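Take a look at the structure set out below.
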Ligand SMILES: Nc1nc2c(ncn2[C@@H]2O[C@H](COP(=O)(O)OP(=O)(O)OP(=O)(O)O)[C@@H](O)[C@H]2O)c(=O)[nH]1
Ligand SMILES: [Mg+2]
């Protein structure tokens, strides 16, 4: 495939020590040649994979001093000839250098286009290329680890291994159907069935962890809810470690939903502190209460807070009913004032995990965080060699799972063997699309379009 030569600023557009203008394509060296003044010789005569010190010029004007890296295909990020101009990291300087490069004949790269080239040139498969974006946007150790494993091909390897099994079975089936004299089909359906079952189990395992994996890389959407004045905003502030929300002794203090993210080691919570829920005449408060209900709907975890120094009330009970079907923890706050009921007795009665806490002193909160880790299988996930976080991959895994289920049904029903190959090939194709095989161009453009500029 023949491409044109593209350029972009590959580092962030904020002042920094260095900033890089990357130029990639068959004419990368030719485009940069007239702009670069080395101490000795010309850029075209320079050795590959070396760094050179030189000046970047635009006509007579010296724009910057830079280190210039010349990388020759296929040993570069894009697998094409690449020149990296490592300039001073000021947005204005970098823009001037980029302009000069464009004037010299390069085209401005689209977002993600360098990575797209790496994919189209076969250096990365699609799953690996997508991992680049995940790595750039990772905020947690788990997200970073997962993205890097994916980038290094762990996912692709597993998918390829699964496809190899499917292909082998399909090939035998096809051959046997074509040439029944030389290939034995007797008992083969059972063999296909056990292979399909093993693959389906593996995929189901991946999907199960995928849901939790996403929560842990993006953060668990957590709503703090409760009646007015029970200490919701105090809890938010305590978890954040600073006074984010206003706390007063007046019920109805919080009117709007407040959202903040906080990290405890590997656990990331996207907390929303909500207005205390009660019947209210006050218009602003009523709107706030509506938002609190919405926060419950969107939450993946609910921390239902009560004033533990008072008995569990009818109002608390009504709120608990709102949380039906969600992961929910009951926190008996203000434990420092003495508890009206023990967490153990409430836990038995309400059948949900209860904790005595104090937003004032912070006591009891470590146990709550530990419980959340347990609820979302954090330690189990950490031990997994592989977690699928990409939504596109998940959908394709689901498709493959469905096709394999059809294979099992066909064998079960004793239907003719040629029906098996259709579903086997569907599963094969769905898995292939994770790697970028048989993927439509539009989809490729959409995937890379989500990348940042210069990547
Ligand atoms: N003793 C004690 N007081 C607390 C604790 N947590 C909160 N309070 C007090 O309870 C009152 C209400 O606290 P907030 O955090 O504003 O309660 P809230 O649930 O956000 O209230 P609304 O926003 O009005 O619904 C304040 O006077 C806090 O100082 C606690 O753990 N122990
Ligand atoms: Mg509040």
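Let's see how each residue does on (1) touching a strand residue (DSSP E or B) at 6+ places or on another chain (Cβ under 7 Å); (2) under 30 Å from residue 148 (Cβ atoms); (3) away from ligand 1 (no atom under 16 Å from the Cβ):
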position	(1), (2), (3)
187	no, no, yes
209	no, yes, yes
214	no, yes, yes
256	no, no, no
263	no, yes, yes
270	yes, yes, yes
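Which of the following residues is surrounded by fewer than 20 Cβ atoms within 10 Å (Cβ to Cβ), over 22 Å from residue 158 (Cα atoms), free of Cβ contacts under 8 Å to residues at least 60 places away in the same chain and more than 16 Å from ligand 2 (Cβ to nearest atom): 415, 335?
415
Name, by its number, the condition in (1) buried (at least 22 other Cβ atoms within 10 Å of the Cβ); (2) under 21 Å from residue 89 (Cβ atoms) that does not hold for residue 15.
Answer for residue 15: the failing condition is (1).
If residue 344 satisfies all but one of (1) surrounded by 14 or more Cβ atoms within 10 Å (Cβ to Cβ); (2) in contact with a strand residue (DSSP E or B) (Cβ under 8 Å, 6 or more places away or on another chain); (3) over 30 Å from residue 218 (Cα atoms), what's the number of the condition it fails?
(1)
Output the number of the condition that residue 34 fails; it satisfies all remaining conditions of (1) outside any strand (DSSP E or B); (2) over 24 Å from residue 115 (Cα atoms); (3) without any contact (Cβ under 8 Å) to a residue 40 or more places away in the chain.
So residue 34 meets the others, but not (3).
Which is at pLDDT below 90 and in contact with a helix residue (DSSP H, G or I) (Cβ under 7 Å, 6 or more places away or on another chain), of 167, 216?
After ruling out the rest, the residue left standing is 216.
When residues of the range 255-266 are filtered for being farther than 19 Å from residue 363 by Cα, more than 9 Å from ligand 2 (Cβ to nearest atom) and part of a strand (DSSP E or B), how many remain?
Here the count works out to 3.
Suppose the filter is outside any helix (DSSP H, G or I) and out of contact with any strand residue (DSSP E or B) (no Cβ under 6 Å at 6 or more places or on another chain); does residue 54 pass it?
Spelling it out, it is not the case that residue 54 is outside any helix (DSSP H, G or I) and out of contact with any strand residue (DSSP E or B) (no Cβ under 6 Å at 6 or more places or on another chain).
Could you list all residues from the range 301-331 that are in a loop (DSSP other than H, G, I, E, B) and within 16 Å of residue 232 (Cβ to Cβ)?
The answer is 308, 309, 310, 313, 323.
Take the range 360-400 and flag every residue that is in contact (Cβ under 8 Å) with a residue 24 or more places away in the chain, outside any loop (DSSP other than H, G, I, E, B) and either within 30 Å of residue 308 (Cβ to Cβ) or in contact with a strand residue (DSSP E or B) (Cβ under 6 Å, 6 or more places away or on another chain) (or both).
Residues satisfying the conditions are 365, 368, 369, 371, 372, 373, 375, 378.
Can you find a residue that is more than 32 Å from the chain's Cα centre (by Cα) and either buried (at least 20 other Cβ atoms within 10 Å of the Cβ) or in the same structural domain as residue 303 (by TED's automatic domain parsing) (or both) anywhere in the range 389-409?
Checked the range 389-409: no residue is more than 32 Å from the chain's Cα centre (by Cα) and either buried (at least 20 other Cβ atoms within 10 Å of the Cβ) or in the same structural domain as residue 303 (by TED's automatic domain parsing) (or both).
State the number of residues belonging to the range 219-254 that are within 8 Å of ligand 1 (Cβ to nearest atom), assigned to a loop (DSSP other than H, G, I, E, B) and in contact with a helix residue (DSSP H, G or I) (Cβ under 8 Å, 6 or more places away or on another chain).
Residues that pass the stated criteria total 7.
Taking residue 299 as meeting all but one of (1) more than 10 Å from ligand 2 (Cβ to nearest atom); (2) closer than 19 Å to residue 318 by Cα; (3) in contact with a helix residue (DSSP H, G or I) (Cβ under 9 Å, 6 or more places away or on another chain), write down the number of the exception.
For residue 299, the exception is condition (3).
Among the residues of the range 310-317, is there at least one that is over 30 Å from the mean Cα position of the chain (by Cα), without any contact (Cβ under 8 Å) to a residue 12 or more places away in the chain and more than 16 Å from ligand 2 (Cβ to nearest atom)?
Looking through the range 310-317, at least one residue is over 30 Å from the mean Cα position of the chain (by Cα), without any contact (Cβ under 8 Å) to a residue 12 or more places away in the chain and more than 16 Å from ligand 2 (Cβ to nearest atom).
Is it true that some residue in the range 347-365 is surrounded by fewer than 20 Cβ atoms within 10 Å (Cβ to Cβ), within 28 Å of the chain's Cα centre (by Cα), modelled with pLDDT of 95 or more and outside the structural domain of residue 269 (by TED's automatic domain parsing)?
yes
The values are calculated or read from the model by the stated rules, or taken from the named source; none is laboratory data. Note that the structure is a prediction, hence the values are computed from the model and not measured. Every residue, glycine among them, receives a Cβ derived from its backbone with ideal geometry; neighbour counts consider all protein chains shown.
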